[in-house]
Amino acid sequence: MLSTLSAGAAVASLLLGSASPTTPARFGDDPPTGQITITVATVNGSGCRPGSAAVAVAPDNTAFTVTYSEYLAQAGGSSKPTDARKNCQIALNVHVPQGFTYAIARADYRGYASLAPGAKGLEQANYYFQGQPETARKSHSFAGPYDTNWQTSDETDVDQLVYAPCGEERYFNINTELRLDGSGADPKATSYMAMDSTDGSINTLYHFAWKECPARK
């Protein structure tokens, strides 16, 4: 069942990579002025139980934010083996103004990690439109000792952007994963990694690239 996303969910204020919080990254054509709505079609994964994810679109239509209420992987101590890997697959139904199509030009992630000496952490993601091949996974590794905020960005070159087919509605799929490896650390020490934010929820920001569709004859 489709769940309508909260329009009031906060867009993450920290833009990673080359863009600043006050100057969003710009890709492709100017964004449309019409309304964009995004609904969650399906949510699957140990890091995002149904009902634990929501989406908000930036007022200028240049980005959207996925907000999670739980997404944490941990290893060592009293952790279970299944706690070491958490994943989330979200299928989004994106409605855009007529005459436009979009691609995802950059994804920004941030969180917090506490890794004991010898422990390792991994964040990775890939993205694809329904009916199209999956993109290659982009990974970011972390090594203990580590006890601070982390941030990563996945950016696609302009000539490699994959746009949604014009005039068709295709689910946009986001697959993310957090993984911990505590085999090289003290087994009594607990290590964890989370996509976190200042308000205690988990925000991931995705930047749109817009393109006008060819006029139909």
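Below, the figures for the structure above:
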| quantity | calculated |
| --- | --- |
| FRET efficiency estimate (nearest 0.05) - Cβ-Cβ, Thr37 to Ala136, R0 30 angstrom | 0.55 |
| 12 Å beta-carbon shell around Ala164, net charge (K/R +1, D/E -1) | 0 |
| Residue-normalised accessible area of the range 37-212, expressed per residue, 1.4 Å probe, Å² | 44 Å² |
| Cβ-derived FRET efficiency at R0 30 Å, Asp186 paired with Asp29, nearest 0.05 | 0.05 |
| Cα-based reach from Lys138 at 13 Å (exclusive), listing aspartates and glutamates while leaving out same-chain residues under 8 positions away | Asp108, Glu123, Asp154, Glu155, Glu177 |
| Residues whose placed amide H lies under 5 Å from that of Ile104, excluding near-sequence neighbours | Val162, Ala209 |
| In nm, spacing of pseudo-spin labels at Arg170 and Asn44 (7 Å Cα→C-beta vector) | 1.9 nm |
| Lys, Arg +1 and Asp, Glu -1 on Cβ, resulting dipole of the range 37-212 about Cα centre, debye, nearest 20 | 500 debye |
| Segment Ser69-Thr82, length gained on full extension (0.36 nm per residue, minus Cα span) | 2.8 nm |
| Percent carbon-and-sulfur accessible area, the range 37-212, ignoring ligands, DNA and RNA, probe 1.4 Å | 48 percent |
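The values are calculated or read from the model by the stated rules, or taken from the named source; none is laboratory data. A quick note: this is a predicted structure, and the numbers were derived from the prediction, not measured. Reconstructed Cβ throughout: ideal geometry from the backbone, glycine too, with neighbour counts over all protein chains shown. Remember, those area values only see protein heavy atoms, side chains included, never the ligands or the DNA or RNA. Shrake-Rupley method; radii C 1.70, N 1.55, O 1.52, S 1.80 Å.
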